[in-house]
1. Given the structure, is E33 closer than 22 Å to F83 by Cβ and touching a Leu at 6+ places or on another chain (Cβ under 7 Å)?
2. Among the candidates S40, S16, single out the residue that is modelled with pLDDT of 95 or more, near the ligand (Cβ under 10 Å from one of its atoms), part of a helix (DSSP H, G or I) and under 19 Å from V123 (Cβ atoms).
3. Take the residues in region 91-100 that are open to solvent by less than 30 Å² (accessible area, probe 1.4 Å) and part of a loop (DSSP other than H, G, I, E, B); name whichever of them is farthest from the ligand (Cβ to nearest atom).
4. In region 197-215, is there at least one residue being more than 17 Å from D238 (Cβ to Cβ), open to solvent by less than 40 Å² (accessible area, probe 1.4 Å) and in contact with a helix residue (DSSP H, G or I) (Cβ under 7 Å, 6 or more places away or on another chain)?
5. Looking at region 156-165, is at least one residue open to solvent by 40 Å² or more (accessible area, probe 1.4 Å), within 15 Å of the chain's Cα centre (by Cα) and without any contact (Cβ under 8 Å) to a residue 60 or more places away in the chain?
6. Looking at T88, T63, can you tell me which residue is exposed (fewer than 13 other Cβ atoms within 10 Å of the Cβ), of a type in the set (V, I, T), assigned by TED's automatic domain parsing to the domain that holds V123 and not in a helix (DSSP H, G or I)?
7. Any idea how many residues of region 166-195 are in contact (Cβ under 8 Å) with a residue 24 or more places away in the chain and within 16 Å of the ligand (Cβ to nearest atom)?
Amino acid sequence: MKKKLGQNFLRNKDISKSIVDLAEIPDNVEVFEIGPGDGSLTENLIKLPNKINLIEFDEELITPLRNRYKQNNVNIINSDARFYKLPTENKYSIIGNLPYYASNFIIRNFLFQKNIVSMTFTVQKEVGEQIVAPDGKKSFLSFLIQSHALTKKLLIIKNTEFYPVPKVDSMTIKIIPNDKKLDEDYINFVRKCFSSPRKKIANSIFKGLQIEISLIKEIIKLSELDENLRPQHLSLIDWENLYKVYRETNL
Ligand code: SAM
């Protein structure tokens with residue numbers, strides 16, 4: 001197995017079945033599975049009435065997958081899910097036990113594509129916690145995903161359920177995209193404001209935006225935020241207000 005491709009295969013068949021059950025994939029969508037590996041989720045997906053597509057990056061896994069699923073209506077694609085563009089003629093549900101090294105990148109790639117009904121992903125537990133984080137514990141990743149989707153924690157999976165055993169536990173989460181598409185400038189503004197996430201908000205904004213600290217404090221005050229807060233404490237509404245005031249000050 002290839003460590004650099006995040007190949008930790010889920011060995012517990014009950015958990016694989018639970019992930020597919022909890023994904024609640026509607027009958028009228030096409031399914032894309034990311035990183036099928038040796039088929040632990042695929043075994044359950046082929047029991048669904050849906051058309052199944054598999055996106056696997058490791059060329060050496062393609063022939064075994066083709067042989068295994070030649071009787072089924074499965075389309076196997078040898079591609080990198082970090083850059084894969086879905087077709088646009090249908091509605092899609094995406095599912096996958098993602099390779100840790102690329103999970104953020106893969107989620108961001110699909111987050112901004114159209115016609116996705118739901119995404120059910122197993123990721124490193126710490127990343128899952130960020131994706132579903134409540135107010136007070138949000139990172140830039142939480143902001144980005146929760147601004148574009150509803151998120152839900154489904155399962156915690158112990159590291160020992162995978163082979164080879166990874167260092168950390170996993171979490172399965174569900175992401176249900178909304179129709180919003182945030183403005184790029186706004187996303188960049190918030191990204192910069194998270195430059196020093198452990199510092200107080202004014203210092204973190206200063207590091208990211210390089211504007212005068214007295215002005216930043218004024219913006220924070222006008223946004224009715226407590227200047228002792230840190231970026232993780234701001235809610236999605238707080239960010240919207242802060243950006244609005246920032247724009248109005250014409251910086
Ligand atoms: N689905 C299998 C399971 O649950 O046992 C395998 C999961 S394993 C954590 C991640 C899988 O993603 C591996 O099969 C790996 O080869 C594949 N993979 C790694 N990087 C990828 C990428 N950029 N795009 C698509 N698949 C990738």
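The values are calculated or read from the model by the stated rules, or taken from the named source; none is laboratory data. Owing to the predicted nature of the structure, the values given are computational and were not obtained by experimental measurement. Cβ sites come from the backbone with ideal geometry, for glycine too, and all protein chains shown count toward neighbours. The area values use the complete protein model at the heavy-atom level, side chains included, leaving out ligands, DNA and RNA. Shrake-Rupley method; radii C 1.70, N 1.55, O 1.52, S 1.80 Å.
1. Working: closer than 22 Å to F83 by Cβ: yes; touching a Leu at 6+ places or on another chain (Cβ under 7 Å): yes.
It is true that E33 is closer than 22 Å to F83 by Cβ and touching a Leu at 6+ places or on another chain (Cβ under 7 Å).
2. Details: S40 fails: part of a helix (DSSP H, G or I).
Checking each option against the conditions leaves just S16.
3. Within region 91-100, the match that is farthest from the ligand (Cβ to nearest atom) is L98.
4. No: zero hits.
5. So in region 156-165, the residues open to solvent by 40 Å² or more (accessible area, probe 1.4 Å) come out as 156, 158, 160-161, 163-165.
Going one step further and asking which of them are within 15 Å of the chain's Cα centre (by Cα), we end up with none.
Scanning region 156-165, I find no residue that is open to solvent by 40 Å² or more (accessible area, probe 1.4 Å), within 15 Å of the chain's Cα centre (by Cα) and without any contact (Cβ under 8 Å) to a residue 60 or more places away in the chain, so the answer is no.
6. Numbers: T63 fails: not in a helix (DSSP H, G or I).
Going through T88, T63 in turn, just one is exposed (fewer than 13 other Cβ atoms within 10 Å of the Cβ), of a type in the set (V, I, T), assigned by TED's automatic domain parsing to the domain that holds V123 and not in a helix (DSSP H, G or I): T88.
7. Taking region 166-195 first, the residues in contact (Cβ under 8 Å) with a residue 24 or more places away in the chain are 166, 168-178, 180-182, 186-187, 189-191, 193-194.
Among the residues that remain, those that are also within 16 Å of the ligand (Cβ to nearest atom) are: 166, 168-173.
Of the residues in region 166-195, 7 are in contact (Cβ under 8 Å) with a residue 24 or more places away in the chain and within 16 Å of the ligand (Cβ to nearest atom).
One line per residue, one yes/no per condition, for (1) more than 21 Å from G136 (Cβ to Cβ); (2) of a type in the set (S, T, N, Q):
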| residue | (1), (2) |
| --- | --- |
| N178 | yes, yes |
| K200 | no, no |
| L209 | yes, no |
| L215 | yes, no |
| E224 | no, no |
| R230 | no, no |
| I237 | no, no |
